[in-house]
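Read the structure below first, then the notes.
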Amino acid sequence: MMMKINDLCVKIKDTDLEILKDFSLDIAPGEIHAIMGPNGAGKSTLSKTIMGHYKYEVTRGNIYFDGEDIKNLSVDERAKKGIFLCMQDPTVIEGVSNSEFLRTARGEIAGEKVNLYTFIKDMEGAMKKVQLDSSMLHRSLNFGFSGGEKKKNEILQMLFLRPKFIILDELDSGLDVDSLRVVCQNINEYLKENPQTSVLIITHYTRVLEYIKPDYVHILSNGKIQKTGSFELAFEIEKNGYSMIGNDINE
């Protein structure tokens, strides 16, 4: 398995509030999995825990990536191993330009200094793909960006860092129809070029799943997966709500 999560229990740090309870999930290379569930079910907690967010504490269980337990690794160490999180609300960093951020990040991944000419050439091509104006190369990271520009910038980072495990947390949040199409088209092209890359999609709605079709859909509630099904399960949920699954969904 590329990602193997066993009996994971997670709480908010310095509190007794447990969010994930004996959560388990296996994702093989090249598979696309979607997690759906009601508000407060723990979807975003899962994505941030996989990435190593300081706010969350793993009290039990393991997270294996390529056979290695990454539970105690820092965020940057997980990123260097090939895990990428496209955030629901990307962070704004004033004073650090897009070009500085991406060149530094790529250098950390590669373990060597990135050639400036090659970097600029690659950057210009990638920015055209995601339909971002070249002027954003020199602007502070996400500062003053619209919701759509922030998400496109996340995908720009994905193209540069070339991860092998991608987490998409509420990808369609803040995106209009045209921007969502552009973003998903770039993700699908990347997956076609890198067929062993795995994806975990966190979403409330089916519209992103119409572009990036999952192999499995999981319903998360009360801290664990309550039901797993095919692509059609997402549309059943959209039509009938989570109450169709059973009482556990609303607890």
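The values are calculated or read from the model by the stated rules, or taken from the named source; none is laboratory data. All of these numbers come straight from a predicted model, not from anything done at the bench. All Cβ positions, glycine included, derive from the backbone under ideal geometry; neighbour counts span all protein chains shown. Quick note on the areas: whole protein, heavy atoms, side chains included, nothing else; ligands and nucleic acids left out. Shrake-Rupley method; radii C 1.70, N 1.55, O 1.52, S 1.80 Å.
So that you can scan it fast, the table gives a plain yes or no per residue for (1) within 26 Å of Thr45 (Cβ to Cβ); (2) not in a helix (DSSP H, G or I):
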site	(1), (2)
Gly144	no, yes
Gly148	yes, no
Leu171	yes, yes
Val182	no, no
Asn188	no, no
Val199	yes, yes
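Scanning the range 7-16 turns up no residue that is at pLDDT below 95, open to solvent by less than 60 Å² (accessible area, probe 1.4 Å), more than 20 Å from Arg162 (Cα to Cα) and among the basic types (Lys, Arg).
Return the residue satisfying two criteria in turn: it lies in the range 17-38 and is crowded, with 18+ Cβ neighbours inside 10 Å and of a type in the set (Gly, Ala, Ser), and of such residues it is nearest to Phe231 (Cα to Cα). Here the answer is Ala34. Taking the range 205-221 as the range and being crowded, with 17+ Cβ neighbours inside 10 Å and part of a loop (DSSP other than H, G, I, E, B) as the test, the residues that pass are Thr206, Ile212, Pro214. State which residue is farthest from Ser173 (Cα to Cα) when the search covers only the range 125-153 and only residues that are touching a residue at least 40 places away in the same chain (Cβ under 8 Å) and open to solvent by 60 Å² or more (accessible area, probe 1.4 Å). Ranking the qualifying residues of the range 125-153, first place goes to His138.
Would you mind stating whether Ser179 is touching a residue at least 24 places away in the same chain (Cβ under 8 Å), in contact with a Gly (Cβ under 7 Å, 6 or more places away or on another chain) and open to solvent by less than 10 Å² (accessible area, probe 1.4 Å)? The answer is no for Ser179.
Would you list the strands (runs of 3 or more DSSP E) that sit entirely within the range 1-117 and hold 1 or more residues that are in contact with a Phe, Trp or Tyr (Cβ under 9 Å, 6 or more places away or on another chain) and free of Cβ contacts under 8 Å to residues at least 60 places away in the same chain?
3-12, 56-65, 93-97
For the range 90-124, the set of residues classified as open to solvent by less than 90 Å² (accessible area, probe 1.4 Å) and either among the acidic types (Asp, Glu) or on the phi > 0 side of the Ramachandran plot (or both) consists of Gly95, Gly111, Asp122, listed by residue number.
The set of residues from the range 39-89 being of a type in the set (Lys, Arg) and either surrounded by fewer than 19 Cβ atoms within 10 Å (Cβ to Cβ) or over 22 Å from Leu168 (Cβ atoms) (or both) comprises Lys55, Arg60, Lys71, Lys80, Lys81. Scanning the range 76-99 for residues that are under 17 Å from the mean Cα position of the chain (by Cα) and closer than 14 Å to Phe145 by Cβ turns up Met87, Asp89, Pro90, Thr91.
Here Ile212, Ile237, Ile219 are screened, and the one residue that is among the hydrophobic types (A, V, I, L, M, F, W, C), under 24 Å from Ile83 (Cα atoms) and more than 14 Å from the chain's Cα centre (by Cα) is Ile219.
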